[in-house]
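Visitor: Here you go, one structure.
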Amino acid sequence: DEDIRSGAADSLFGFYLRKEEYGKAEEYLAYFAKQNPERKRKQAVICSKTNRVGEAYKAYEELLFSGYQMMNMVFQSLYMLAMEDGDREKAHMLVEKQRVLAGVFDMGKYHETSCRLDLATAEKDADTVIDTMEEMMASVGTMGEFCRSPLYEHVAFRELRPEFLEDMKRNLKKCFRDEETYGFLMDDERWQELVR
């Protein structure tokens, strides 16, 4: 059974780590699934103890980045459930958590802002919808801000190409024009200016 094997491997990993027999401890990482974040975290511990500090930083930073992605998806799923249940108070709380999460993990202003759009649209809150749309358009360039964050300085990300960012702006504008979703804004001059 995998749980028993990984439990035993965890105990042996800890035993050899305390004895500072890092090579032996590292051998027991093979008993953890490659996708298991604990394997990567334990590898980082070994790296930090064996003068592979750059590798340790990289492993921890990759864990932070993937942790953000997972938590953001969970918050989004919880938000969708709250909306289906008609619990707007909870939906507002979850959107705020997503906004803060994006800030804590240096994801950039775009990610901090865009999470508000769906809820404001569902509530037909024209001012918040248009404020959010304007902020999203103005902050498209921050979508890859995490690439330059000291939080992830040992991770090699591909920078977002300027063409991608221009396409993103065009696509956002196209989405914002959708009458089925944003028809309630048709008479709003700010919206008309934004989607022109």
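The values are calculated or read from the model by the stated rules, or taken from the named source; none is laboratory data. Please read these numbers as outputs of a predicted model, since none were measured by experiment. So basically every Cβ, Gly included, is an ideal-geometry build from the backbone, and we count neighbours across all protein chains shown. Ligands, DNA and RNA are excluded from the accessible area calculation, which covers all protein heavy atoms including side chains. Shrake-Rupley method; radii C 1.70, N 1.55, O 1.52, S 1.80 Å.
Visitor: Tell me which label goes with the value of P(r) over Cα pairs in 10 Å bins from 0, in percent computed from the coordinates here: (1) 8, 25, 26, 19, 13, 7, 2, 0; (2) 8, 28, 23, 16, 15, 9, 2, 0; (3) 9, 33, 30, 13, 6, 5, 3, 1, 0.
Guide: (1)
Visitor: Would you work out the relative contact order for the stretch 68-196, in percent, from Cα pairs under 8 angstrom that are 6 or more residues apart? Numbers along the way, then the final one.
Guide: On the way: 113 pairs, mean separation 24.3, N = 129.
Answer for the stretch 68-196 is 19 percent.
Visitor: Quick check: from the Cα gyration tensor, does the stretch 126-185 come out rounded (a/c under 1.5), prolate or oblate?
Guide: It is prolate, given that a/c is not under 1.5 and a/b is the larger ratio.
Visitor: List the lysines whose Cα lies under 19 Å from the Cα of Lys97, skipping any in the same chain that are fewer than 8 positions away.
Guide: In chain and number order, the partners are Lys109.
Visitor: Pulled fully out, how much extra length does the chain show between Ala122 and Asp167, if you take 0.36 nm times their separation in residues and subtract their Cα-Cα distance?
Guide: 13.6 nm
Visitor: How far apart, in nm, are the 7 Å Cα→Cβ label points at Leu12 and Asn36?
Guide: Output for this residue pair reads 1.2 nm.
Visitor: Where does the charge balance sit around Thr142 when Lys and Arg score +1, Asp and Glu -1, over other residues with C-beta under 12 Å from its C-beta?
Guide: Combined, the nearby Lys, Arg, Asp and Glu give -2.
Visitor: Let me ask something else about it. Determine the calculated [θ] at 222 nm for the chain from helices alone, applying -39500 (n - 2.57) to every DSSP H run no shorter than 4 residues and normalising by the residue count; nearest 500 deg cm²/dmol.
Guide: -21500 deg cm²/dmol
Visitor: Would you tell me the accessible area of Thr121, worked out with a 1.4 angstrom probe on the heavy atoms of the protein chains, in Å² to the nearest 10?
Guide: 20 Å²
Visitor: Name the lysines eligible as straight-distance cross-link partners of Lys24: C-alpha to C-alpha under 24 Å, and not fewer than 8 places from it in the same chain.
Guide: Qualifying lysines at Cα under 24 Å: Lys34, Lys40, Lys42, Lys49, Lys58.
Visitor: Quick check: net charge around Lys109, other residues with Cβ under 11 Å of its Cβ, Lys/Arg +1 and Asp/Glu -1? Write out the running numbers ahead of the final one.
Guide: Values: positive: Arg99; negative: Asp106, Glu112, Glu135, Glu145.
Neighbourhood net charge equals -3.
Visitor: Given axes a ≥ b ≥ c from the Cα gyration tensor, I'd like to know whether the stretch 1-68 is rounded (a/c under 1.5), prolate (a/b larger than b/c) or oblate.
Guide: Because a/c hits 1.5 or more and a/b fails to exceed b/c, the stretch 1-68 counts as oblate.
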